[in-house]
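Have a look at the structure below, then the notes.
The values are calculated or read from the model by the stated rules, or taken from the named source; none is laboratory data. Just so it is clear, the model here is predicted, and its values are computed rather than measured. So basically every Cβ, Gly included, is an ideal-geometry build from the backbone, and we count neighbours across all protein chains shown.
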Amino acid sequence: MKSNEIINILMVDDRPENLLALEAVLSSPDYNLIKAYSGEEALKWVLKEDVAVILLDVQMPGINGFETAQLIRQREKSRHIPIIFITAISQASEHVLQGYSLGAIDYIFKPFNHKTLQLKIEGFVKIHQNLREEIRQRKIIADQLRKSSRQITSILESITDASLLWIKSGSLPI
């Protein structure tokens, strides 16, 4: 990765051993791997942190993965975060379709290929970094435009003031 910033990745599963396995696969000095043990806990993290991607278990007690995804998509701040569903149970096509209809970017079945998951996460992290850079560049341009606008306004006010003085003095320079 080219950037020195640490990227947050939210991993959500009610089973600690599954989170431990994801952590082992995704461990990197470039990532802050955030563990959430429920949909409710995941929602709290999404409110607090800027997250590049969410790995979300489908079957969980309380708010399941589908309900969690739906709530994430309802919030403006989190509606565009990529969600990858990971499950060992819900392989039925209607569950997969439901996951995609709720905005999932991918639906992975356990056991999964570790290298494939790493590459997918790297891709989403790069997209996240590119979007952050684009936003940063747009803010710089907006600041420059505001500064230029203030300068132009100041120049126009000076010209107006000078013109009024010349008119009042009765001697307009030609």
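A few points about this structure:
- For the range 47-93, residues that are over 17 Å from Tyr37 (Cβ atoms) and hydroxyl-bearing (Ser, Thr, Tyr) total 3.
- The condition (being at pLDDT below 90 and more than 21 Å from Val12 (Cβ to Cβ)) is satisfied by just one residue among Ile141, Ile135, Ile105: Ile135.
- Beta carbons closer than 8 Å, at least 6 apart along the sequence or on distinct chains, pair a first residue in the range 38-52 that is free of Cβ contacts under 8 Å to residues at least 60 places away in the same chain with a second that is of a type in the set (A, V, I, L, M, F, W, C) and in a helix (DSSP H, G or I) for Gly39/Leu71; Ala42/Ile72; Leu43/Leu71; Leu43/Ile72; Val46/Ile72; Val51/Trp45.
- Residue list for the range 108-127, filter: within 16 Å of Leu56 (Cα to Cα), charged (D, E, K, R) and modelled with pLDDT of 90 or more: Lys120
The rows are residues; the columns are (1) surrounded by 16 or more Cβ atoms within 10 Å (Cβ to Cβ); (2) out of contact with any strand residue (DSSP E or B) (no Cβ under 8 Å at 6 or more places or on another chain).
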{"position": "Gly103", "(1), (2)": "no, no"}
{"position": "Pro111", "(1), (2)": "no, yes"}
{"position": "Lys115", "(1), (2)": "no, yes"}
{"position": "Lys120", "(1), (2)": "yes, no"}
{"position": "Val125", "(1), (2)": "yes, no"}
{"position": "Leu156", "(1), (2)": "no, yes"}
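- Residue in the range 70-83 that is closer than 28 Å to Pro29 by Cα and assigned to a strand (DSSP E or B) present: yes
- Some residue of the range 1-24 being surrounded by 18 or more Cβ atoms within 10 Å (Cβ to Cβ), among the hydroxyl-bearing types (Ser, Thr, Tyr), in contact (Cβ under 8 Å) with a residue 40 or more places away in the chain and within 20 Å of His80 (Cβ to Cβ): no
- Of the candidates Pro82, Pro61, the single residue that is closer than 21 Å to Val96 by Cβ, in contact (Cβ under 8 Å) with a residue 40 or more places away in the chain and not aromatic (Phe, Trp, Tyr) is Pro82.
- Ile140 vs. criteria β-branched (Val, Ile, Thr), assigned to a helix (DSSP H, G or I) and surrounded by fewer than 19 Cβ atoms within 10 Å (Cβ to Cβ): yes
- Beta carbons closer than 7 Å, at least 6 apart along the sequence or on distinct chains, pair a first residue in the range 101-119 that is polar (S, T, N, Q) with a second that is outside any loop (DSSP other than H, G, I, E, B) for Gln118/Val25; Gln118/Leu26.
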